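Report on one structure; see the data block that follows.
The values are calculated or read from the model by the stated rules, or taken from the named source; none is laboratory data. The shown structure was predicted, so the numbers you read here are calculated from the model rather than taken from an experiment. Cβ atoms come from the backbone with ideal geometry, glycine included; neighbour counts cover every protein chain shown. Heads up: the accessible areas ignore ligands, DNA and RNA and are worked out on the full protein's heavy atoms, side chains in. Shrake-Rupley method; radii C 1.70, N 1.55, O 1.52, S 1.80 Å.
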Amino acid sequence: MIHPSAAITVALFAWTASTPARIRIETPRDGARPASAYIGIQGTGPAGSAVELLDASKPVRTVRPEADGHFECVLHLSPGRHRIKARLAANGSPFTSIEVTMPANSPAPIRGAPYELLQTADILLSHTPGSEQEELDAARYTHAALYLGPDAEGTPMVAEAVTMERTAAGNPLGALPLERTLIWRGGAAVDIYRLRDPLPFAQRDRIAEWARRRVTEDSAFWSVTEDFGALFRAWLLWDQQRDQPRDKAEFNRTLEKMAALKVSPDRLNCSTLVWQAYWQATKRHIDLSIPNRVTFGGLSGRMSTRFLNRLRPYLVLPDTFALTGKLYKVNGA
C-alpha cells in the first residue's frame, strides 16, 4: 500500500513534468500604445531555452532567456494593431500574448540603423554632421547615449545629454523615446556598443536606472565657459615653445578641476553621463574611460602630444568608448 504522502508526491511530480514551462511577456502591458515605430519587449522564460516571438502567426524573432530567465528584444512593427505571442520554439505552443497598437506616421529610421539589436544598457554612438567636435578633434563619433529599455507602453527609452540648442525635450538632459533623441534626429551614422564581458540583466538594469535618475533630477549640462572652458584654460597655461606648463601649480589646479568634472554626477555631458552610469552603478568596477585610446585630429591634432597626454586621463569622449577595447560593436565590424 502506498502511503498517502508518497502518492501526493508522485502526483505532484507527474503534474510538474507535464506542465509546460511558463513564459511571460512582462513589458509592454497588454493593450499598449508605444510612442515609437519600435517596441521593446521584456519577459521571462526557461533559462537557455529558445523563445519564439510571433506577430500574429508570423515568427519575427527568436530569443534565449539568460540564466535568470530574463529575455528582451526590440522589434520594428508597421502601424496598427498587432498580436504579439511568445512560445517555446521547441514545441510551437503559444503560452502568452499581448495586443499592441503601433502609431501611424512614425518617422523612418536612418537606413541600416541597428535599433532592433538594442539591449538594456547598450551604448549608442553617432556622428552628427556639423558638430563642433568635427572641427575640434575630427572625431569618428560626436555623440553618446544609453539605452534604458522600454517603458510600460513598450516605447524604447534613451538617456542622453545634449546642448540646449540640440535638445528636443526643452531640457539638455532627459530620458526620451528613441525618435526624439539626437541619436535619431542628428545621427548620420549610428552604432551600438556592448561590453565584451556580458553583465546579467539585473546589473544592466541598475546601470540604466542610475542614468534615468540623473537625467530626471537636478543634473545640468556642462557650461561652455566653466566646464568645457577648462580645456582651453589648460591650453593657455601650456608653453608651446618649451612644451611644458607655464605655471605648473596653476596647470595642475586646472587638471584637478577637470578630474572633478569627470566624476561629478551633477554636471554631465553626453559622454560622462554614459561613463558614470557604468562606473557608479557597478561601484567603480567598470571604468570605460581607460585605456583612453582617443586619437586627436582637427584643431586638437595641432596641439602638443605631451599636452594632450596630460589631459587624456580626464577626458571622456564618444570615441573613448569605441576604442577602449572593453566594448564591441554589436552591428558588425
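If the condition is being at pLDDT below 95 and in a loop (DSSP other than H, G, I, E, B), then region 260-291 contributes SER264, PRO265, ASP266, ASN269. I'd like the full set of residues that are of a type in the set (Ser, Thr, Tyr), in contact with a helix residue (DSSP H, G or I) (Cβ under 9 Å, 6 or more places away or on another chain) and not in a loop (DSSP other than H, G, I, E, B), limited to region 292-309. Selection gives SER300 alone.
Looking at VAL316, VAL263 in this structure, which one is free of Cβ contacts under 8 Å to residues at least 24 places away in the same chain, of a type in the set (Val, Ile, Thr) and either open to solvent by 20 Å² or more (accessible area, probe 1.4 Å) or under 30 Å from TYR147 (Cβ atoms) (or both)? Unique residue meeting the criteria: VAL263. Here the condition is being of a type in the set (S, T, N, Q), modelled with pLDDT under 95 and closer than 18 Å to THR142 by Cβ; of THR216, THR181, THR225, it holds for THR181 alone. Is it the case that region 224-239 has a residue that's farther than 23 Å from SER304 by Cα and touching a Pro at 6+ places or on another chain (Cβ under 8 Å)? No, there is no match, as no residue in region 224-239 is farther than 23 Å from SER304 by Cα and touching a Pro at 6+ places or on another chain (Cβ under 8 Å). Among the residues of region 226-249 satisfying the criterion of being open to solvent by 100 Å² or more (accessible area, probe 1.4 Å) and basic (Lys, Arg), which is farthest from the chain's Cα centre (by Cα)? The extreme case among them is ARG242. Residues in region 56-81 that are part of a strand (DSSP E or B) and open to solvent by less than 30 Å² (accessible area, probe 1.4 Å) were compared, and the one that is nearest to PRO103 (Cα to Cα) is GLY80.
Of all residues in region 39-54, which are open to solvent by 10 Å² or more (accessible area, probe 1.4 Å) and either without any contact (Cβ under 8 Å) to a residue 24 or more places away in the chain or part of a strand (DSSP E or B) (or both)? Hits for region 39-54 are GLN42, THR44, ALA47, GLY48, GLU52. Can we say ALA161 is at pLDDT below 95, under 22 Å from LYS329 (Cα atoms) and either touching a helix residue (DSSP H, G or I) at 6+ places or on another chain (Cβ under 6 Å) or among the charged types (D, E, K, R) (or both)? Criteria met by ALA161.
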